[in-house]
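Right, one structure below, let's go through it.
Read-outs: derived from the displayed coordinates by stated rules, not from any lab. All values derive from a computational prediction rather than experimental measurement. Quick reminder, even Gly has a Cβ in these numbers, built from the backbone with ideal geometry, and neighbours come from all protein chains shown.
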Amino acid sequence: MILCAGNNEHFDFAQPIGVGLIQSAIRLTRYILEQKPSFVFFVGTAGSYGRYKPFDLVLSYSAANVELSLLQNQSYTPIQNTIHAKHHYNVSRGTNYPFETVNSSNYITTDFQLSHSFNEKNIALENMEFFSVIQVANTFDLPCLGLFVVTNYCNENAHRDFVSNHAKAKELITLHVEKNMKI
């Protein structure tokens, strides 16, 4: 099962699950119960905390749900906020894309100084849905993987750069999936 967020991030080959942590968890659970897939492959865009530049392609099977207040020592959480897919879905070995941890939150980071704190925690990218995708896939014991194209840095220009780079990022996702997934 190939998934995407939806709204303005649609692909002909992917089912939209909604934007953010809650919509994506609910819709993905419904899809899994109805369609009983053998794997979950999420494709989408991401902001970079500085390690990657726009239009880089990155794979992931791990995600975090770290809020900015945690980085500023203004909060704590009693739950596990970093997870890994129990089972990995293998992509073509010819990709040579790096694997990184993706942070998910319902908010977009715009303070580049705080972005460095994510890198120090070995978290490289930001995507609003991926933590939920892994959590749901693990609940149903399904292999899971994510493919992300960087659209912007997580800084004061994040939204402007996302909008400017979004169309090209979607093209790159489509090219990768068509080449490596044989759709």
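Figures for the structure shown
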{"read-out": "Selection from region 143-165 of residues that are closer than 28 Å to residue 30 by Cα and surrounded by fewer than 21 Cβ atoms within 10 Å (Cβ to Cβ)", "value": "143"}
{"read-out": "For residue 102: the one exception among (1) free of Cβ contacts under 8 Å to residues at least 12 places away in the same chain; (2) touching an Asp or Glu at 6+ places or on another chain (Cβ under 9 Å)", "value": "(1)"}
{"read-out": "Per-region count, region 1-53, residues part of a loop (DSSP other than H, G, I, E, B), more than 13 Å from the chain's Cα centre (by Cα) and closer than 23 Å to residue 181 by Cβ", "value": "13"}
{"read-out": "Residue in region 166-178 that is surrounded by the most Cβ atoms within 10 Å (Cβ to Cβ), counting only those that are touching a Leu at 6+ places or on another chain (Cβ under 7 Å) and among the hydrophobic types (A, V, I, L, M, F, W, C)", "value": "173"}
{"read-out": "Count - residues of region 10-31 that are touching a helix residue (DSSP H, G or I) at 6+ places or on another chain (Cβ under 7 Å) and surrounded by 17 or more Cβ atoms within 10 Å (Cβ to Cβ)", "value": "7"}
{"read-out": "Condition broken by residue 147, with the remaining ones in (1) touching a Phe, Trp or Tyr at 6+ places or on another chain (Cβ under 8 Å); (2) assigned to a helix (DSSP H, G or I); (3) not aromatic (Phe, Trp, Tyr) satisfied", "value": "(2)"}
{"read-out": "Test for residue 65: is it more than 20 Å from residue 170 (Cβ to Cβ) and in contact (Cβ under 8 Å) with a residue 60 or more places away in the chain", "value": "yes"}
{"read-out": "Considering residues of region 107-136 that are part of a loop (DSSP other than H, G, I, E, B), closer than 21 Å to residue 147 by Cα and not hydrophobic (A, V, I, L, M, F, W, C) only, the residue farthest from the chain's Cα centre (by Cα)", "value": "121"}
{"read-out": "Filter result for residue 96 (part of a loop (DSSP other than H, G, I, E, B), out of contact with any His (no Cβ under 9 Å at 6 or more places or on another chain) and either over 14 Å from residue 46 (Cα atoms) or not aliphatic (A, V, I, L, M) (or both))", "value": "yes"}
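To keep it simple, each residue is scored yes or no on (1) closer than 16 Å to residue 55 by Cβ; (2) β-branched (Val, Ile, Thr).
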site	(1), (2)
113	no, no
140	no, no
151	yes, yes
161	yes, no
168	yes, no
